[in-house]
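The values are calculated or read from the model by the stated rules, or taken from the named source; none is laboratory data. Just so we're clear, the structure is a prediction, and the values are computed from it rather than from any experiment. Counting neighbours? That spans all protein chains shown, and the Cβs are built from the backbone with ideal geometry, glycine included.
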Amino acid sequence: MQNRLALAGTIFYWVLVGFLIWAGIRWVLPCIFPLLAGVAIAALLRPAVLSFSRRTHLCQKTSAVLVLAFFYLFATAVLCLFFTILLAQLYSLLEQLPELYCKHLCPLMEHVSNWFDRLIRRFSPDAQSILAFSQAVADAVRQAALDTSAQLVSWMAGLAARLPMLLLAAFFSVVLSILVSTNYALVGRFIRSHTPKRFHPLLRDLQTFFRDTVSQYVRAYTIIMAVTFLELVFGLWLLRFDYVLPVAALIALVDLLPIIGSGTVLVPWGLLLIASGDSYRGFGLLILFGAMSVVRNIIEPRVIGAQIGLHPIATITAMYAGLKAAGILGMLFAPILVMLALKLQWPHSRDTS
């Protein structure tokens, strides 16, 4: 009887946690994201502020303002340069998308379809149903390409419409990060003074979790994503592909997903190019994927160190649930919230064992 009650309590706990995570991502997170971003930036730059204050003998408030000003100026310059080139290439790509489809994708699909037809006829002289299925698949791929193009244009138009709100949210995040960083100790004392003492251990656990686990997690995968992006840009440029920046950015984002990785794009792409007769670039993409895998296996243990994340199945499930609940923002924050739930559960599990 006690085991059943314990099992029921565990199930109820995780159902409640799942509901709170979903509600937080769906409704709370979009509203408080500027606050969270500002606090996170202030916390991540806190060691740099303290180090700068010790080296220059300036007060911490002045050091915080100078460090954050340098950080934002550098980040703005890099992002402006990157997005200027990226948007220019995306605009050119959208303009030439119909021509690229007729000139490259359509002949490639016809070549692959003819190769598949010859293969079917070699093993089965009466294969009309299979050939009809092949034609249906080819038609579906063509329609999917057209639909994807239309959705991409619609998504960019929606992003442009939300740009003022995004800029306003960024402005609030910058202001909040400066206020928190210049009054870091005061903010900490304010939170502790307005929190019951029985919750102080929980606050310390949360501080440790965000300082050690989340910051290390974000830092590690930012480095890995940057290395992957640079490898893709160099490799695609070396193979003389067009629009290397948007393509490399898209593949680098896909590479962040657990289990999936960049191979789900590079390997089929390379095989299609080989099947269409472009062996040089097809094998080049396969070699690029192999080189990226070797570099990833070398740097990932050094950058990440001990396993700090979730199991890949749990991570990708949380990312999909977050994506359905609140879009890209939810996809990024859902694994962190699940990790937080597990972190808060572990001490309880140890106490009851």
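Highlighted here are the helices (runs of 4 or more DSSP H) found entirely within the range 1-102 that include at least 2 residues which are of a type in the set (S, T, N, Q) and more than 23 Å from the chain's Cα centre (by Cα): 2-23, 46-56, 60-100. Pairing each residue of the range 278-297 that is closer than 10 Å to residue 266 by Cβ with any residue that is among the acidic types (Asp, Glu), provided the two are 6+ apart or on different chains, yields C-beta distances under 8 Å for 288/231; 292/231.
Would you be able to say whether some residue in the range 9-30 is at pLDDT below 80, surrounded by fewer than 12 Cβ atoms within 10 Å (Cβ to Cβ) and among the charged types (D, E, K, R)? No, the range 9-30 contains no residue that is at pLDDT below 80, surrounded by fewer than 12 Cβ atoms within 10 Å (Cβ to Cβ) and among the charged types (D, E, K, R).
Just name the residue that is modelled with the lowest pLDDT out of those in the range 239-289 that are over 30 Å from residue 321 (Cβ atoms), hydroxyl-bearing (Ser, Thr, Tyr) and part of a helix (DSSP H, G or I). So that I can check it myself, show each step before the final result.
Going through the range 239-289, the residues over 30 Å from residue 321 (Cβ atoms) turn out to be 239-245, 270-288.
Checking the rest, the ones that are also hydroxyl-bearing (Ser, Thr, Tyr) come to 243, 276, 279-280.
Still in the list and also part of a helix (DSSP H, G or I): 279-280.
Working: 279: 89, 280: 92.
Among those residues, the one meeting the criterion is 279.
Is it true that residue 132 is part of a helix (DSSP H, G or I), at pLDDT 75 or above and hydrophobic (A, V, I, L, M, F, W, C)? For residue 132, the condition - part of a helix (DSSP H, G or I), at pLDDT 75 or above and hydrophobic (A, V, I, L, M, F, W, C) - is not met. Taking the criterion of being of a type outside the set (A, V, I, L, M, F, W, C), within 22 Å of the chain's Cα centre (by Cα), under 19 Å from residue 82 (Cβ atoms) and not in a helix (DSSP H, G or I), would at least one residue in the range 222-238 satisfy it? Within the range 222-238, none of the residues are of a type outside the set (A, V, I, L, M, F, W, C), within 22 Å of the chain's Cα centre (by Cα), under 19 Å from residue 82 (Cβ atoms) and not in a helix (DSSP H, G or I). Residue pairs whose Cβ atoms lie under 9 Å apart, sitting 6 or more positions apart in sequence or on different chains, and linking a residue in the range 196-207 that is part of a helix (DSSP H, G or I) to a partner that is exposed (fewer than 13 other Cβ atoms within 10 Å of the Cβ) and not basic (Lys, Arg), are 201/347; 202/195; 203/191; 203/195; 205/347. Residues that are touching a residue at least 40 places away in the same chain (Cβ under 8 Å) and farther than 30 Å from residue 321 by Cα within the range 21-62 comprise 45, 46, 49, 60, 61, listed in sequence order. Of all residues in the range 136-182, exactly one satisfies the criterion of being at pLDDT 75 or above and basic (Lys, Arg), namely 162.
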